[in-house]
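Inspection log for the structure reproduced underneath, given as structure tokens.
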Amino acid sequence: MTNDLRFTFRQLLKSPGFTLLAVITLALGIGLNTAIFSLVEQLFLRGLPFQEPARVLHVFSHAKDQRVDFPLSAPRFMHFRDGQTIFNGFAGENGLAATVTGLGDAFQVPLFKATANWFDVLGLQAVRGRTFLPEEEEGADVAVITERFWKSHLGSDPNVIGRALTLDGAAHTIVGVIPTLPVSWTGPNADIWTTKPFIIPGFSHERMMRGTAFLRVVGRLKSGVTVEQAKSALDALENSYRSQYPEKIDAQSWTVVKTLPEDVTENLRPGFATLLAAVTFVLLLACSNVANLLLVRFSGRRREISLRMALGATRSSVLRLFVFESVLISLLAGIIGIVLAWQLVPLVPKLAANFLPIEEGSVTALSVPVLAFTIGLSLLTGLLMGLYPALQSSRADIVDGLKEGGRGTAGSVRQQRFRKVLVGAQVALSVTLLAGASLLIASFVRLSHQDPGFKPDKLWTGVTVMPEAQYPDESTRARFADQLVNSLRAIPGFEQASIGTGFPLAGGFGATLYAPSQGNVPPVAERKGAPSNDVMPGWFHALGIPLLAGRDFNETDLADHPNVIVISAAGAKTVFGADNPIGKTLLITSSSVPVEIVGVVGDVRSARLNQENEMEFYRPFAQENFPLLSITVRSALPPQTITKSVQAALKTVDPGLALILPQPVSEVMAQALGESKLMMVLLGIFAGVALLLATVGIYGAVAYTVEQRTGEIGVRMALGAQTMDVLRLVVSQGMRPVVIGLVVGMAAALGLGRLIATQLYQTSAHNPLLLAATMAILGFSALLACLFPAHRASLVNPIQALRSE
């Protein structure tokens with residue numbers, strides 16, 4: 001076997017052109033597959049660091065007639081917790097933010113207020129100290145931090161347990177350090193947990209208990225209990241909740257459960273399934289190209305095979321020799337593929353504008369599972385790719401092979417048919433990939449040109465959180481916002497500045513129940529909800545949202561004045577039809593607060609760029625607000641300069657506050673387009689590679705056929721065939737498998753369109769223009785690939801061709 005390997009290596013060195021072409025072709029396929037598998041391993045296969053995460057269910061509620069995952073309300077959580085018998089533990093957490101002081105400059109971090117059993121239900125043990133005790137859930141100021149926070153902010157203090165951590169001005173005792181949790185479950189920079197989960201800043205206990213959804217809830221299944229049994233049990237609890245508390249906001253909501261692994265990757269699965277299929281197609285194309293090359297190469301060595309068998313070599317030894325050659329090629333390609341993936345993988349999250357839930361810098365193509373995948377893929381590719389050519393070539397007739405001398409051969413009819421099948425398969429795969437890529441490119445172009453309802457150019461946004469101890473009510477928060485806005489508007493270079501409690505596409509809009517004040521007013525539990533934002537005067541102007549009717553908020557819209565509201569144009573049409581909404585009244589929130597409509601503004605894509613809302617609300621900041629502030633500045637200054645200026649203004653008003661996520665709005669828009677851009681670019685690259693491989697494969701197959709048929713062409717020309725006759729013969733025979741491949745590929749493309757329809761925006765999955773363009777591009781490329789060897793064939797000298805025979 002060692003001698004066979006040495007011989008194989010020498011044979012490859014004797015043919016550097018063939019070896020280089022085969023290795024590079026396979027390296028593209030293996031490298032792209034390795035890159036995508038690296039992301040799949042990071043997102044889907046790498047287990048969550050919890051005990052049996054598949055036994056932990058994430059419990060959601062879905063509002064009536066909606067399929068959006070909402071958290072659970074406190075009364076619903078308590079009803080389920082007290083009545084369930086299927087979970088070993090039922091826990092919840094409330095995601096907020098807090099200002100950390102006493103560790104240098106003040107900074108703000110995500111903060112999670114959890115029930116005492118939160119970490120027990122997840123199955124997460126502290127690496128230092130402990131997690132929460134039951135008696136600490138309601139009144140204790142205690143905190144659990146991650147190893148990341150312990151190392152980066154506390155200098156890996158060995159005496160961290162018992163140390164005080166000041167959050168929003170209140171000292172919390174650190175009782176435990178837990179492992180840093182994955183971004184896919186907690187989000188970036190999730191480092192601190194405290195207790196008191198049933199407190200929402202800005203909400204009274206009475207308002208919270210009406211059924212406001214805010215708790216992320218998980219339950220660990222008891223041994224022997226299945227997910228289906230859990231669903232049935234929760235359905236029964238849901239029905240009892242609905243009958244006992246019909247007045248609650250969420251009384252008509254229904255319950256949905258997902259296992260943790262399903263929960264963290266569900267939205268990404270369709271896109272990555274498409275990418276996996278695409279890179280598999282690319283690898284199949286690469287394999288078919290190299291298999292064609294190997295078939296030609298092995299067929300040209302019939303004399304060598306015959307000599308070996310005449311001297312006593314068995315067919316299995318000849319077969320092993322050729323399989324070694326294909327495996328060695330694929331292993332060399334695997335090494336180059338790893339290098340390609342190593343360079344490509346870190347670029348993917350950046351390409352997606354950090355849309356993927358992956359810790360920055362953590363994903364790599366060099367992990368043990370990925371390396372094992374690449375080695376296995378290379379070996380399997382080498383075996384499958386070389387087996388058929390080796391089998392065909394090892395069937396050589398000894399006498400015929402020795403008679404051939406040094407001449408080549410056109411190969412058997414079976415081999416020629418196999419090469420045509422490979423060409424047809426390459427074309428079909430390429431059509432499918434090109435069609436999918438063209439659909440996603442068209443979808444991305446439409447989405448990127450979608451008007452978000454505001455003007456994102458020269459716009460900057462940042463967030464700050466006001467501690468409830470210092471800003472306990474709406475009036476104190478409104479005074480703070482007035483002071484901050486006045487400071488911002490005085491900064492040179494700031495064209496406009498304003499404050500709201502959220503920002504479009506940045507996930508900051510809340511939701512408000514609403515109903516007309518006249519006619520049949522539905523019960524609270526049956527009312528619709530809509531995105532809601534509390535904004536200061538000038539907010540619409542700062543964002544470039546047009547005022548279509550009525551007026552903007554002004555300084556007279558205060559807490560002790562009549563409640564007013566501005567609604568979106570779509571909302572005005574939804575509720576009032578063609579009637580003028582100005583001056584009409586709506587009932588909003590679970591308290592049925594009457595508000596007068598004073599203005600109508602343009603529609604804004606508040607949640608997702610591809611999602612329209614039938615209603616959007618805006619209330620005056622002075623009449624309703626929450627501790628979370630979204631600061632908006634329009635300025636031509638560099639984003640870093642704006643950030644420093646806003647931080648300085650913030651410190652002049654309250655030195656204890658800090659900014660969260662300061663960024664130009666262009667980054668918000670990039671993140672909104674992240675998934676679509678990722679799919680478009682990657683599938684576009686795969687389709688481009690597929691087109692290149694298919695063209696090269698067609699060219700190689702036709703060129704080889706022309707070379708082997710030189711004598712036949714010479715005879716035809718000697719008997720009177722003209723140049724056009726030869727061109728027509730070669731092109732027609734070369735294009736025959738291409739046409740079959742185009743037909744098969746088009747059928748596959750129609751099927752693919754249905755699979756990726758949910759990933760398209762305002763683009764038909766069966767767009768005839770795009771499909772026709774795909775056929776034309778590939779058909780034209782194939783025609784060129786046939787024309788070059790056909791032209792060379794037409795230049796054959798009949799006398800020289802006959803002499804060669």
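Note on segment 478-622: antiparallel DSSP beta bridges, both residues inside, total approximately 65 percent of the bridges counted. A probe of 1.4 angstrom, applied to the heavy atoms of all protein chains, finds residue 185 with accessible area near 10 square angstrom. Applied to segment 549-558, the Karplus parametrisation 6.51 cos²θ - 1.76 cosθ + 1.60 on θ = phi - 60° returns per-residue 3J(HN,Hα) values of 7, x, 9, 7, 5, 9, 5, 8, 7, 9 Hz, with x for Gly and Pro. Solvent-accessible surface of protein heavy atoms, probed at 1.4 angstrom with all chains present, puts 79, 449 in the order 449, 79, largest first. Dividing the radius of gyration of the alpha carbons in segment 502-600 by their Kirkwood radius gives 0.94 for Rg/Rh.
Just the number, please: carbon plus sulfur as a percent of the accessible area of the chain, 1.4 Å probe, no ligands or DNA/RNA counted. Write down the numbers at each step before the final one.
Values: 20640 of 34670 Å².
C and S atoms contribute 60 percent here.
Under a 5 Å amide H cut-off, with hydrogens placed 1.01 Å from N, residue 180 pairs with 147, 148 among residues at least 5 apart or on other chains. Between residue 652 and residue 792, the simple spin-label model (points 7 angstrom out along Cα→Cβ) gives 7.6 nm.
Computed per residue of the chain from DSSP H runs no shorter than four, each worth -39500 (n - 2.57), the mean residue ellipticity at 222 nm is -16500 deg cm²/dmol. Taking all protein chains together and rolling a 1.4 Å probe, residue 113 ends up with roughly 30 Å² accessible.
What order, most packed first, do the peptides 160-172, 20-32, 335-347 have when packing is the mean number of other Cβ atoms within 10 Å of each residue?
Working: 160-172: 16.5, 20-32: 23.2, 335-347: 18.2.
Packing order, densest peptide first, comes out as 20-32, 335-347, 160-172.
Here the Karplus relation 6.51 cos²θ - 1.76 cosθ + 1.60, evaluated at θ = phi - 60°, turns the backbone of segment 237-247 into coupling constants of 5, 5, 5, 5, 5, 5, 6, 7, 10, x, 7 Hz, with x for every Gly and Pro. In the full protein context, the chain carries 43 Å² of accessible surface per residue, based on a 1.4 Å probe and ignoring ligands, DNA and RNA. Taking amide H positions as modeled 1.01 Å from N, with prolines and chain starts lacking one, the residues under 5 Å from residue 617 and 5 or more places away or on another chain are 532, 533. Pull up the DSSP beta bridges for the chain and report the antiparallel fraction as a percent, rounded to 5. Here the share of antiparallel DSSP bridges comes out near 80 percent. The Cα atoms of segment 92-231 give a gyration tensor whose axes a ≥ b ≥ c have a/c of 1.5 or more with a/b no greater than b/c, which makes the shape oblate.
Please give the charge dipole size of segment 586-650, origin at the Cα centre, charges +1 on K and R Cβ atoms and -1 on D and E Cβ atoms. Round to the nearest 20 debye.
On the way: 5 positive and 6 negative charges, 85 e Å.
With Lys and Arg at +1 and Asp and Glu at -1, about 400 debye.
Under a 5 Å amide H cut-off, with hydrogens placed 1.01 Å from N, residue 549 pairs with 600 among residues at least 5 apart or on other chains. Farthest towards the positive end of the charge dipole of the chain, among the residues 488, 373, 230, is the Cα of 373, using unit charges on the Cβ of Lys, Arg, Asp and Glu. Positive end of the dipole of the chain (Cβ unit charges, origin at the Cα centre): among 741, 352, 188, the Cα lying farthest that way belongs to 741. Dipole check for the chain: with +1 at the C-beta of Lys and Arg, -1 at the C-beta of Asp and Glu, and the Cα centre as origin, the magnitude is about 4320 Debye.
Positive-end ranking of 121, 153, 110 along the dipole of segment 95-155, with charges on Cβ about the Cα centre, is headed by 153.
The solvent-accessible area of residue 420, taken with every protein chain present and a 1.4 Å probe, is close to 110 Å². Relative intensity of the chain on a log10 scale, I(q)/I(0) at q = 0.11 Å⁻¹, equals -1.24, per a Debye sum over C-alpha point scatterers of equal strength in the absence of solvent. A Cα-only calculation for segment 33-178 places Rg and Dmax at 18.0, 53 Å.
Return the percentage of antiparallel bridges among DSSP beta bridges fully within segment 550-629, rounded to the nearest 5 %.
Numbers: 7 of 12 bridges.
Counting DSSP beta bridges with both partners in segment 550-629, the antiparallel share is about 60 percent.
Rounded to the nearest 20, the size of the Cβ-charge dipole of segment 139-280 about its Cα centre is 80 debye, with Lys and Arg at +1 and Asp and Glu at -1.
Using the Karplus relation 6.51 cos²θ - 1.76 cosθ + 1.60 with θ = phi - 60°, the per-residue 3J(HN,Hα) values for segment 757-774 come to 4, 5, 9, 9, 10, 6, 9, 6, 5, 10, 4, x, 5, 5, 5, 5, 5, 4 Hz, with x marking Gly and Pro.
The values are calculated or read from the model by the stated rules, or taken from the named source; none is laboratory data. All values reported here derive from a predicted model rather than from experimental measurement. A quick note on method: Cβ atoms are made from the backbone with ideal geometry, for glycine too, and the neighbour counts reach across all protein chains shown. When the accessible area is computed, the model is the full protein with side chains, heavy atoms only, and any ligands, DNA or RNA have been set aside. Shrake-Rupley method; radii C 1.70, N 1.55, O 1.52, S 1.80 Å.
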